[in-house]
Amino acid sequence: MSVHIANGEQITARVGPSLGALWQERFKQLHRTAVDAELAPVDGILEVLYTLTLPSCVASGGSHDTMRHTLGHTGIYPYFEGRIFSASEVLHGKPAPDLFLHAAKQMGVHPSACVVVEDSKYGVQAARAAGMRALGYAGGLTPAEWLEGPNTTVFDDMRELPTLLAQTCPVETPDPR
């Protein structure tokens, strides 16, 4: 059951079911076209994922369908298959901590033992609110200063990730819940 209100549902509430459905379908088509034409993996991420040995998952505001498409298109999906969590699974999306707490629980890891790799201001805020350390990736669209703050290390080259994880990852602690 999804309790997250998606943009499409908000638009449908304003313009009615027929126009809302038309808008949602057109948006999906345009999104897929843009992804297929222009989306590429972050430079260095596939090499990092290939060597990553720590338990990991994806916790995103995107729908499962969108993530299957985008992560699949970039070659990242196989690294996380079965460990992908969507904001549609929780009451509140980022910057609330709900999604990260949900992912930690599903992974059987206490939140304080988690490190979140995030490229958005709201994602870093959600990690902090969940009591998790954050590695703020500023090599994309988000300015570094939007990611800076307590319990956060900002970096701009994904190839730095293994070193940063080695420096910040505690010994894995099972979640007592």
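The values are calculated or read from the model by the stated rules, or taken from the named source; none is laboratory data. Keep in mind the model is a prediction, meaning the values are calculated, not measured. Cβ: placed from backbone, ideal geometry, glycine included. Neighbour counts: every protein chain shown. Each accessible area value is taken on the protein alone, full model and side chains, heavy atoms only, with ligands, DNA and RNA left out. Shrake-Rupley method; radii C 1.70, N 1.55, O 1.52, S 1.80 Å.
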Report summary line: The answer for the net charge of residues other than residue 147 whose Cβ lies under 12 angstrom from its Cβ, with Lys and Arg +1 and Asp and Glu -1, is -3
Query - Solvent-accessible area per residue, Å², over region 31-78 with all protein chains present [probe radius 1.4 Å] - result: 59 Å²
Query raised in the report: Sorted by packing (mean other beta-carbon atoms within 10 Å per residue), highest first, where do 8-17, 83-92, 116-125 land?
Result: 116-125, 83-92, 8-17
Query - Whole-number percent relative contact order across the chain, with pairs defined as alpha carbons under 8 Å at least 6 apart - result: 19 percent
**Report entry** Simple spin-label estimate for residue 9 and residue 30 in nanometres, 7 Å along Cα-Cβ
**Finding:** 2.2 nm
Query - Stretchable slack from residue 141 to residue 21, in nm (0.36 nm times residue separation minus alpha-carbon distance) - result: 40.2 nm
Query raised in the report: If we count every other residue with Cβ under 14 angstrom of residue 61's Cβ, Lys/Arg +1 and Asp/Glu -1, where does the sum land?
Result: -3
Query raised in the report: At residue 164 and residue 46, where each label point lies 7 Å from the Cα along Cα→Cβ, what is the point-to-point distance in nanometres?
Result: 2.1 nm
Query - Pairwise Cα inverse-distance average, inverted: Kirkwood Rh of region 1-131 (Å) - result: 16.1 Å
Query raised in the report: How far is helix 98-107 tilted off the main Cα axis of the chain, in degrees rounded to 10, range 0 to 90?
Result: 60 degrees
